[in-house]
1. Which one of these is closer than 23 Å to K8 by Cβ and either assigned to a loop (DSSP other than H, G, I, E, B) or of a type in the set (S, T, Y) (or both): G72, G103, G22?
2. Looking at the range 45-71, which of its residues are over 14 Å from the mean Cα position of the chain (by Cα) and of a type in the set (S, T, N, Q)?
3. Mind checking which residues of the range 60-73 are closer than 22 Å to A31 by Cα and either of a type in the set (K, R) or near ligand 1 (Cβ under 10 Å from one of its atoms) (or both)?
4. Considering only residues of the range 69-104 that are within 16 Å of R40 (Cα to Cα) and basic (K, R), which is modelled with the lowest pLDDT?
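The values are calculated or read from the model by the stated rules, or taken from the named source; none is laboratory data. All values derive from a computational prediction rather than experimental measurement. Note that we place each Cβ from the backbone using ideal geometry, even for glycine, and neighbour counts take in every protein chain shown.
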Amino acid sequence: MSSKKELKTIAPDVKWQDITEGGVMPYAGNAELFKTGDWRSMRPVWLQEKCKQCLLCYPVCPDTSILIDESGKRTDFDFDHCKGCGVCVKVCPFKAIDFVEEGK
Ligand code: SF4
Ligand code: SF4
């Protein structure tokens with residue numbers, strides 16, 4: 001049985017002895033706690049005016065980073081977890097997702 005240990009990352013107030021070990025799964029279901037969007041070098045940009053809400057982009061995102069609201073419509077990306085793979089950009093038939101370098 002696993003106990004939920006607090007995950008600690010590098011920060012000025014965290015001692016090195018307390019940092020969560022790399023390569024360790026402290027418990028199941030913790031992926032959403034890791035902000036993997038930090039890895040991104042390319043960034044998708046949703047062009048709302050071109051979007052037809054076909055939702056073809058939604059199932060192809062490997063990081064579940066295309067957010068759907070209560071009415072079933074896509075909204076913006078979850079940039080905490082989008083890794084900028086560009087799959088959604090390729091699949092959109094209406095060119096409603098631009099792809100730019102991160103930081104531009
Ligand atoms: S695939 Fe393109 S048009 Fe369809 S919902 Fe996604 S962004 Fe909108
Ligand atoms: S770029 Fe990749 S990770 Fe980001 S929303 Fe599109 S499919 Fe998902």
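1. Numbers: G72 fails: closer than 23 Å to K8 by Cβ; G103 fails: closer than 23 Å to K8 by Cβ.
After applying the criteria, what remains is G22.
2. Correct list: Q48, Q53, S71.
3. Here is the first cut: in the range 60-73, the residues closer than 22 Å to A31 by Cα are 60-69.
Answer for the range 60-73, where residues must be closer than 22 Å to A31 by Cα and either of a type in the set (K, R) or near ligand 1 (Cβ under 10 Å from one of its atoms) (or both): V60, C61, I66, I68.
4. Only one residue fits best here, namely K104.
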